[in-house]
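Student: A single structure is presented below for examination.
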């Protein structure tokens with residue numbers, strides 16, 4: 001039911017941006033399970049009754065049309081042929097996902113921020129930490145985040161961005177079952193490993209994953225025929241998606257535990 005409600009909520013209003021609702025919900029649920037008591041209490045206070053990290057995890061997508069300035073905040077364009085993030089090159093206006101996560105962290109710890117400002121900051125952070133763990137949101141191959149890469153996904157026409165947003169994830173089973181598996185596998189030791197580094201370091205790691213797997217393992221088109229997603233690509237992508245969802249959950253918890261003390 002959670003999956004259906006989320007899809008109905010967003011369908012017909014906005015194109016998917018970053019993970020689909022299920023991916024964002026999974027990352028938020030993993031993070032919520034790893035909050036300190038103090039951070040959990042602050043989250044409940046800021047969001048208000050009836051709201052959870054999971055329930056607001058796709059809010060930032062729902063306001064993209066009304067908040068046009070927020071469009072670039074969901075990603076950072078690291079050129080696919082470059083090894084690392086360069087903030088001067090890749091985020092010169094300070095309006096990429098890396099900069100905005102850091103900006104909204106400052107709002108959360110600012111005692112002068114209003115309740116509305118803090119709530120928006122929290123909702124943006126939850127979504128943006130999730131967004132950056134979708135590999136196409138930390139790499140730029142001059143293809144509009146994979147939207148221009150046409151392909152065949154198990155007999156249906158699609159594009160690379162859609163496949164990574166929700167197509168592959170949708171074939172990995174029901175959300176609750178997948179959450180149970182990820183939550184079990186994300187041990188405290190594993191979470192501590194994933195938490196290391198800065199947001200910039202995380203972007204570098206995700207960019208490398210896009211280079212190696214998202215683009216690097218993509219079957220080639222022949223004679224102008226769009227490539228077909230095969231079982232080998234799906235297997236490697238599934239492994240990466242599971243890891244990035246776990247990393248997103250652990251790192252979101254780290255950000256919130258550090259800012260909401």
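Student: If residue 182 meets every condition in (1) in contact (Cβ under 8 Å) with a residue 12 or more places away in the chain; (2) closer than 30 Å to residue 87 by Cβ; (3) part of a helix (DSSP H, G or I) apart from one, which number is that one?
Tutor: Here residue 182 clears every test but (2).
Student: Let me spell it out: the conditions are (1) under 20 Å from the mean Cα position of the chain (by Cα); (2) farther than 12 Å from residue 127 by Cβ; (3) not in a loop (DSSP other than H, G, I, E, B), and residue 38 meets all of them except one. Which number is the exception?
Tutor: (1)
Student: Now a separate question. Of (1) surrounded by fewer than 17 Cβ atoms within 10 Å (Cβ to Cβ); (2) touching a residue at least 40 places away in the same chain (Cβ under 8 Å); (3) in a helix (DSSP H, G or I), residue 240 satisfies all except one. Which?
Tutor: (1)
Student: Give just the number: which of (1) assigned to a loop (DSSP other than H, G, I, E, B); (2) under 18 Å from the mean Cα position of the chain (by Cα) does residue 23 not satisfy?
Tutor: (1) is the only condition that residue 23 fails.
Student: Given the criteria modelled with pLDDT of 95 or more, out of contact with any strand residue (DSSP E or B) (no Cβ under 9 Å at 6 or more places or on another chain), more than 19 Å from residue 33 (Cα to Cα) and in a helix (DSSP H, G or I), does residue 214 qualify? Explain how you work it out, then say what you get.
Tutor: Working: modelled with pLDDT of 95 or more: yes; out of contact with any strand residue (DSSP E or B) (no Cβ under 9 Å at 6 or more places or on another chain): yes; more than 19 Å from residue 33 (Cα to Cα): yes; in a helix (DSSP H, G or I): yes.
When the stated conditions are applied, residue 214 passes them.
Student: Right, next: How many of the residues in region 92-108 are without any contact (Cβ under 8 Å) to a residue 40 or more places away in the chain, part of a helix (DSSP H, G or I) and in contact with a helix residue (DSSP H, G or I) (Cβ under 6 Å, 6 or more places away or on another chain)? I'd like the intermediate steps shown before the answer.
Tutor: Let us first name the residues in region 92-108 that are without any contact (Cβ under 8 Å) to a residue 40 or more places away in the chain, namely 92-96, 99-100, 103-104, 106-107.
Cutting the leftovers down to part of a helix (DSSP H, G or I) gives us 99-100, 103-104, 106-107.
Retained after the next criterion (residues that are in contact with a helix residue (DSSP H, G or I) (Cβ under 6 Å, 6 or more places away or on another chain)): 100, 104, 107.
Summing the residues that are without any contact (Cβ under 8 Å) to a residue 40 or more places away in the chain, part of a helix (DSSP H, G or I) and in contact with a helix residue (DSSP H, G or I) (Cβ under 6 Å, 6 or more places away or on another chain) in region 92-108 gives 3.
Student: Can I ask one more? Restrict the check to region 244-261 and report whether at least one residue is assigned to a helix (DSSP H, G or I) and surrounded by fewer than 14 Cβ atoms within 10 Å (Cβ to Cβ).
Tutor: Start the filter on region 244-261 by keeping residues that are assigned to a helix (DSSP H, G or I), which leaves 244-259.
Narrowing further to those that are surrounded by fewer than 14 Cβ atoms within 10 Å (Cβ to Cβ): none.
Checked region 244-261: no residue is assigned to a helix (DSSP H, G or I) and surrounded by fewer than 14 Cβ atoms within 10 Å (Cβ to Cβ).
Student: Given the residues 48, 18, 94, which is the only one that is buried (at least 21 other Cβ atoms within 10 Å of the Cβ) and on the phi > 0 side of the Ramachandran plot? Before you say what the answer is, go through the steps one by one.
Tutor: Details: 48 fails: buried (at least 21 other Cβ atoms within 10 Å of the Cβ); 94 fails: buried (at least 21 other Cβ atoms within 10 Å of the Cβ).
After ruling out the rest, the residue left standing is 18.
Student: With the requirement that a residue be part of a loop (DSSP other than H, G, I, E, B), out of contact with any helix residue (DSSP H, G or I) (no Cβ under 9 Å at 6 or more places or on another chain) and surrounded by 11 or more Cβ atoms within 10 Å (Cβ to Cβ), what does region 64-91 give you? Please lay out each step first, then the result.
Tutor: To start, the set of residues in region 64-91 that are part of a loop (DSSP other than H, G, I, E, B) comprises 64-67, 75-78, 80-86, 91.
With the extra rule that they be out of contact with any helix residue (DSSP H, G or I) (no Cβ under 9 Å at 6 or more places or on another chain), the set shrinks to 65-66, 86.
Selection gives 65, 86.
Student: Something else about it: What number of residues in region 109-157 are farther than 20 Å from residue 60 by Cα, surrounded by 14 or more Cβ atoms within 10 Å (Cβ to Cβ) and either free of Cβ contacts under 8 Å to residues at least 12 places away in the same chain or under 11 Å from the mean Cα position of the chain (by Cα) (or both)?
Tutor: 0
Student: Inside region 224-234, can you point out the residues that are farther than 19 Å from residue 148 by Cβ and either assigned to a loop (DSSP other than H, G, I, E, B) or touching a helix residue (DSSP H, G or I) at 6+ places or on another chain (Cβ under 9 Å) (or both)?
Tutor: Our first condition is that a residue be farther than 19 Å from residue 148 by Cβ; within region 224-234, this holds for 230-232, 234.
Result: 230, 234.
The values are calculated or read from the model by the stated rules, or taken from the named source; none is laboratory data. Keep in mind that what you see is a predicted model, and the values were worked out from it rather than measured. Reconstructed Cβ throughout: ideal geometry from the backbone, glycine too, with neighbour counts over all protein chains shown.
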